[in-house]
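Engineer: This is the structure I want to talk about, given as structure tokens.
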Amino acid sequence: MVENMNNNLVLPGDKLSTSEELMPGDGTFEEGGIIRAARVGIYCIDEKQRSATVKPATSTPVIIKRGDIVLAEVRSVKSSMVIAEVIHVKGKKRVISSDTNGTLRVSEISKSYVKDPSTEFSLGDIIRAKVQQVKPSVQLETKDPRFGVIQSFCSKCRHVLTKNGNSLECSKCGNRERRRIADDYGTYDLDQL
Amino acid sequence: MKNDNIKLFRDGKRVDGRATDDLRPIKIEAGVLHRADGSCYLEWGGNKIMVAVYGPREAIPRHTQNHLRAIVNARYNMAAFSVEDRKRPGPDRRSREISKVISEALEKILLLEKFPRASIDVNIEVLNAEAGTRCAGLTAAGVALADAGIPMKDIPVACAAGKIEGQLVLDLGKEEDNYGDADLPVAISPRTGEILLLQMDGHLTFDEFEKALDMAIKGCNKVSELQKAAIIQKYKVELEVE
């Protein structure tokens with residue numbers, strides 16, 4: 001329930017409302033009891049929250065939110081969790097402006113029981129995951145079949161692994177490896193991410 | 001740097017035909033670069049300036065990070081071909097000073113608390129220089145930051161005033177800057193009138209200073225309207241397409 005006030009553009013610093021009337025929402029700031037626009041866009045009122053917001057006309061900095069689908073690179077695999085750096089948020093074109101240090105707990109890797117994360121992920125893997133929590137730290141989840149590794153490298157020769165049935169195979173050295181792979185491993189389209 | 005052979009006034013008009021409180025012609029265009037998060041191209045008299053904004057993104061090296069807010073890295077750079085004699089490329093004393101004062105001016109109006117540990121990189125490239133590049137650079141940076149969607153309290157704007165042949169004038173041109181008595185670049189937040197940058201080269205009496213500051217602020221307000229028009233022009237068109 002977001003009401004569009006009118007189709008005029010507001011610019012940073014323009015007065016929108018007062019703090020007695022509304023809460024300062026997305027793209028606004030409060031100064032001396034007056035709510036002002038913090039970015040270029042269209043002034044809207046969120047009736048549910050009773051907050052003033054500015055629907056951006058420009059591109060905006062990317063902040064990771066709960067529920068976002070993200071791509072992350074595995075940085076370390078520990079006995080109870082995987083640490084992955086979030087490198088991309090689905091549907092966004094800009095680099096991430098907030099904290100990118102994500103953690104993926106063992107219990108969040110798969111629907112079935114996982115004893116050791118090192119059987120599911122390895123260093124350098126690119127994974128697709130869903131953000132479960134942002135504060136105080138970014139927590140990821142890969143339970144859905146869409147989530148998991150979308151690109152992986154051979155642990156012996158670092159060559160890209162290709163999907164072969166349910167496991168992965170290195171076309172260079174023939175090494176076979178196991179991963180928690182996403183259902184579209186190897187067939188993803190980078191433009192659609 | 002006095003030179004009696006050069007007359008900066010002729011029949012009450014300045015060398016380029018302006019009155020004392022006239023600005024040089026200004027052209028501003030927002031969002032000109034495809035790969036930058038925000039950008040602006042500005043022509044101010046003979047100045048040609050391109051600004052690209054990147055970020056907020058993780059500040060590197062890490063020890064520069066502030067865990068409470070973002071840092072602003074403005075980088076003012078003059079192209080080797082921007083002046084008549086070739087300028088030796090790379091940062092020098094002058095451009096480092098300008099980078100610093102512009103960074104500090106921008107820090108005052110951006111809402112940096114929303115992006116802890118990040119850096120906002122503002123690259124100001126002077127393609128052609130003709131007096132008043134720091135004002136032109138900061139003005140363009142303001143538009144580029146708005147174009148990048150970075151939350152801010154106001155669009156910063158800058159303009160200079162100065163003294164030539166004992167007379168106060170707005171927006172010094174090249175000869176006026178070289179042979180004039182004083183130059184006073186001022187950046188303000190046009191909504192509140194808060195001063196973001198104030199420098200002075202040369203000498204002004206206290207009275208002259210106050211008058212010059214007043215003049216520069218009036219100039220800033222004129223330029224501010226042009227900045228807003230540039231942003232509206234860019235995004236009005238895009239909204240109509242939607």
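The values are calculated or read from the model by the stated rules, or taken from the named source; none is laboratory data. The structure displayed is predicted, hence computed values, not measured ones. Quick reminder, even Gly has a Cβ in these numbers, built from the backbone with ideal geometry, and neighbours come from all protein chains shown. For the accessible areas, the whole protein counts, side chains as well, though only heavy atoms, and no ligand, DNA or RNA atoms are used. Shrake-Rupley method; radii C 1.70, N 1.55, O 1.52, S 1.80 Å.
Engineer: Output yes when any residue across region A:6-23 is in contact with a Ser or Thr (Cβ under 8 Å, 6 or more places away or on another chain), over 21 Å from B:G149 (Cβ atoms), open to solvent by less than 40 Å² (accessible area, probe 1.4 Å) and not assigned by TED's automatic domain parsing to the domain that holds A:I181, and no when none is.
Structural biologist: Yes - at least one qualifying residue is present in region A:6-23.
Engineer: Right, here's the next one. Looking only at strands (runs of 3 or more DSSP E) that lie completely in region A:101-193, which have at least 2 residues being crowded, with 17+ Cβ neighbours inside 10 Å and under 21 Å from the mean Cα position of the chain (by Cα)?
Structural biologist: Answer list for region A:101-193: A:101-105, A:126-133, A:138-141, A:148-151.
So that you can scan it fast, the table gives a plain yes or no per residue for (1) touching a residue at least 60 places away in the same chain (Cβ under 8 Å); (2) in contact with a Lys or Arg (Cβ under 8 Å, 6 or more places away or on another chain):
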site: B:D16; (1), (2): yes, yes
site: B:D21; (1), (2): yes, yes
site: B:G31; (1), (2): yes, yes
site: B:H34; (1), (2): no, no
site: B:E43; (1), (2): no, yes
site: B:V72; (1), (2): no, no
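Engineer: For B:A52, state whether it is away from every other protein chain (no Cβ under 14 Å) and either under 22 Å from B:Q233 (Cα atoms) or exposed (fewer than 13 other Cβ atoms within 10 Å of the Cβ) (or both). Steps first, answer last, please.
Structural biologist: Values: away from every other protein chain (no Cβ under 14 Å): no; either under 22 Å from B:Q233 (Cα atoms) or exposed (fewer than 13 other Cβ atoms within 10 Å of the Cβ) (or both): yes.
The answer is no for B:A52.
Engineer: On to the next question. I'd like to know if region B:97-107 contains one or more residues that are crowded, with 21+ Cβ neighbours inside 10 Å and either among the aromatic types (F, W, Y) or under 17 Å from B:G45 (Cβ atoms) (or both).
Structural biologist: Checked region B:97-107: no residue is crowded, with 21+ Cβ neighbours inside 10 Å and either among the aromatic types (F, W, Y) or under 17 Å from B:G45 (Cβ atoms) (or both).
Engineer: For region A:90-102, name all the residues that are touching a residue at least 24 places away in the same chain (Cβ under 8 Å) and either more than 13 Å from chain B (Cβ to nearest Cβ) or under 16 Å from A:S122 (Cβ atoms) (or both).
Structural biologist: In the first step, residues of region A:90-102 are kept if they are touching a residue at least 24 places away in the same chain (Cβ under 8 Å); the result is A:90, A:92-102.
Hits for region A:90-102 are A:K90, A:G102.
Engineer: Whether any residue in region B:31-39 is part of a strand (DSSP E or B) and touching a Phe, Trp or Tyr at 6+ places or on another chain (Cβ under 8 Å) is what I want to check. Step through it out loud before you land on a result.
Structural biologist: Residues of region B:31-39 part of a strand (DSSP E or B): B:38-39.
Then drop every residue that is not touching a Phe, Trp or Tyr at 6+ places or on another chain (Cβ under 8 Å), which leaves none.
The answer is no, given that none of the residues of region B:31-39 is part of a strand (DSSP E or B) and touching a Phe, Trp or Tyr at 6+ places or on another chain (Cβ under 8 Å).
Engineer: Take the residues in region A:39-54 that are among the β-branched types (V, I, T) and assigned to a strand (DSSP E or B), then tell me which one is farthest from the other protein chains (Cβ to nearest Cβ). Show your work before the answer.
Structural biologist: Step one: of region A:39-54, the residues among the β-branched types (V, I, T) are A:40, A:42, A:45, A:53-54.
Checking the rest, the ones that are also assigned to a strand (DSSP E or B) come to A:42, A:45, A:53-54.
Details: A:I42: 8, A:I45: 18, A:T53: 12, A:V54: 9 Å.
So, considering only residues that are among the β-branched types (V, I, T) and assigned to a strand (DSSP E or B), the one farthest from the other protein chains (Cβ to nearest Cβ) is A:I45.
Engineer: Determine, yes or no, whether B:D171 is within 14 Å of chain A (Cβ to nearest Cβ), acidic (D, E) and open to solvent by less than 70 Å² (accessible area, probe 1.4 Å). Don't jump to the end; show me each part of the working.
Structural biologist: Values: within 14 Å of chain A (Cβ to nearest Cβ): no; acidic (D, E): yes; open to solvent by less than 70 Å² (accessible area, probe 1.4 Å): yes.
Against the criterion (within 14 Å of chain A (Cβ to nearest Cβ), acidic (D, E) and open to solvent by less than 70 Å² (accessible area, probe 1.4 Å)), B:D171 does not qualify.
Engineer: State yes or no: is A:T28 under 15 Å from B:P151 (Cα atoms) and surrounded by 14 or more Cβ atoms within 10 Å (Cβ to Cβ)?
Structural biologist: Details: under 15 Å from B:P151 (Cα atoms): yes; surrounded by 14 or more Cβ atoms within 10 Å (Cβ to Cβ): yes.
Against the criterion (under 15 Å from B:P151 (Cα atoms) and surrounded by 14 or more Cβ atoms within 10 Å (Cβ to Cβ)), A:T28 qualifies.
Residue-by-condition table, conditions (1) in a strand (DSSP E or B); (2) crowded, with 20+ Cβ neighbours inside 10 Å; (3) on the phi > 0 side of the Ramachandran plot:
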residue: B:E175; (1), (2), (3): no, no, no
residue: B:L196; (1), (2), (3): yes, yes, no
residue: B:L213; (1), (2), (3): no, no, no
residue: B:A216; (1), (2), (3): no, yes, no
residue: B:G219; (1), (2), (3): no, yes, no
residue: B:S224; (1), (2), (3): no, yes, no
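Engineer: Given the criteria in a strand (DSSP E or B), surrounded by 18 or more Cβ atoms within 10 Å (Cβ to Cβ) and not assigned by TED's automatic domain parsing to the domain that holds A:F153, does A:I64 qualify? Reasoning before the result, please.
Structural biologist: Details: in a strand (DSSP E or B): no; surrounded by 18 or more Cβ atoms within 10 Å (Cβ to Cβ): yes; not assigned by TED's automatic domain parsing to the domain that holds A:F153: yes.
Considered against the rule, which asks whether it is in a strand (DSSP E or B), surrounded by 18 or more Cβ atoms within 10 Å (Cβ to Cβ) and not assigned by TED's automatic domain parsing to the domain that holds A:F153, A:I64 comes out as no.
Engineer: Scan region B:125-168 residue by residue and report those that are assigned to a loop (DSSP other than H, G, I, E, B), away from chain A (no Cβ under 14 Å) and closer than 29 Å to B:Y54 by Cα.
Structural biologist: So in region B:125-168, the residues assigned to a loop (DSSP other than H, G, I, E, B) come out as B:129-132, B:148-151, B:153-156, B:165-166.
Checking which are away from chain A (no Cβ under 14 Å) leaves us with B:129-132, B:165-166.
If the condition is that a residue be assigned to a loop (DSSP other than H, G, I, E, B), away from chain A (no Cβ under 14 Å) and closer than 29 Å to B:Y54 by Cα, then B:A129, B:E130, B:A131, B:G132 are the ones that fit.
Engineer: Can you pull out the residues in region B:19-49 that are surrounded by fewer than 19 Cβ atoms within 10 Å (Cβ to Cβ) and over 21 Å from B:C220 (Cβ atoms)? Before the answer, list the steps.
Structural biologist: Initial filter on region B:19-49 (surrounded by fewer than 19 Cβ atoms within 10 Å (Cβ to Cβ)): B:19-23, B:25, B:27, B:29, B:32-35, B:43, B:46.
If the condition is that a residue be surrounded by fewer than 19 Cβ atoms within 10 Å (Cβ to Cβ) and over 21 Å from B:C220 (Cβ atoms), then B:V32, B:L33, B:H34, B:R35 are the ones that fit.
Engineer: Name the pairs whose Cβ atoms lie under 6 Å apart, with the first residue in region A:18-43 and free of Cβ contacts under 8 Å to residues at least 12 places away in the same chain and under 21 Å from B:Y235 (Cβ atoms), the second open to solvent by less than 30 Å² (accessible area, probe 1.4 Å) and of a type in the set (G, A, S), and 6 or more positions between them or separate chains?
Structural biologist: Correct list of pairs: A:F29/A:A38.
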